[in-house]
Amino acid sequence: MSAENSHTYRVEGMSCGHCEAAVRDEVEGIDGVEAVEVDLASKHVVVRGNFKDAAGRAAIDEAGYQAA
Ligand SMILES: [Cu+2]
């Protein structure tokens, strides 16, 4: 098994493809991130890879949204 893990965030205000793209852009830029899955209906973002939870939250914040 690899050291890969995943973190799931609920992103308030992420409601359309533009929001999704903005969040994806920032999150995919995190060192160690391998995959990002977004479910707009539930506003959940699942991020897989070897990275810190705080980095995911910071990236979502950087995109202009709040990780609940
Ligand atoms: Cu939007």
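Read the figures in this text as sums done on the coordinates, not as results from a lab. Since this is a predicted model, take the numbers as computed values, not measurements. Here Cβ is always computed from backbone atoms with ideal geometry, including for glycine, and neighbour counts include all displayed protein chains.
Details
- Across all directions, the average flat footprint of the convex hull enclosing the Cα atoms of the chain is 4.0 nm².
- In the chain, helical runs assigned H by DSSP with n ≥ 4 each contribute -39500 (n - 2.57); averaged across all residues and rounded to the nearest 500, the mean residue ellipticity at 222 nm is -10000 deg cm²/dmol.
- DSSP bridge analysis restricted to the chain gives an antiparallel fraction near 100%, rounded to the nearest 5.
- Farthest positive-ward along the chain dipole, Cα basis, beta-carbon charges - from Ala59, Gly49, Val11: Val11
- 0 to 90° range, to nearest 10: angle between helix 53-62 axis and the chain longest Cα axis: 30 degrees
- Cα-centre dipole for the chain with unit charges at Cβ (Lys and Arg positive, Asp and Glu negative), debye to 20: 200 debye
- C-alpha long axis of helix 17-28 to longest principal axis of the chain, angle in °: 20 degrees
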